[in-house]
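Structure record follows, encoded as structure tokens.
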Amino acid sequence: SPGRRADASVDLETLASSLRAPDDAASDAEAARIAHAMLAQLDDDKRSVFVLVELEGLGVPEVAEATGTNINTIYARLRAARSEFSATVARFHAAERRRAP
């Protein structure tokens, strides 16, 4: 549903800003590296759908048409990608909390 998409949407800039160390001059580059590493953990099909919808702003019907893939398959890949990406972010934040003094 449209409301659910907004709730589950991932803004990479917001994610990157949450990964930055406040006083680290290289933190932007490091945050981008971490975000890309998180995306790289998704398999190719899920990552491409996730990037097209979440980062490029395409709609699921557009992605389905552009890729010649059944719309239900695109929705399933997007759901799985969002879930896996969120779990990866949660693991990262948990690891950061364990490292914090």
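The values are calculated or read from the model by the stated rules, or taken from the named source; none is laboratory data. For clarity, every value in this text was computed on a predicted model and none was experimentally measured. Virtual Cβ from ideal backbone geometry, glycine too; neighbours counted across all protein chains shown.
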Q) Can you pull out the residues in the range 57-70 that are exposed (fewer than 13 other Cβ atoms within 10 Å of the Cβ) and either out of contact with any helix residue (DSSP H, G or I) (no Cβ under 9 Å at 6 or more places or on another chain) or assigned to a helix (DSSP H, G or I) (or both)? A) Gly57, Pro61, Ala66, Gly68
Q) If a residue has to be small (Gly, Ala, Ser) and in contact (Cβ under 8 Å) with a residue 24 or more places away in the chain to count, how many in the range 43-101 make the cut? A) 3
Q: Would you please name the residue that is farthest from Phe85 (Cα to Cα), looking only at residues in the range 22-56 that are at pLDDT 95 or above and loosely packed, with under 13 Cβ neighbours inside 10 Å?
A: Asp44
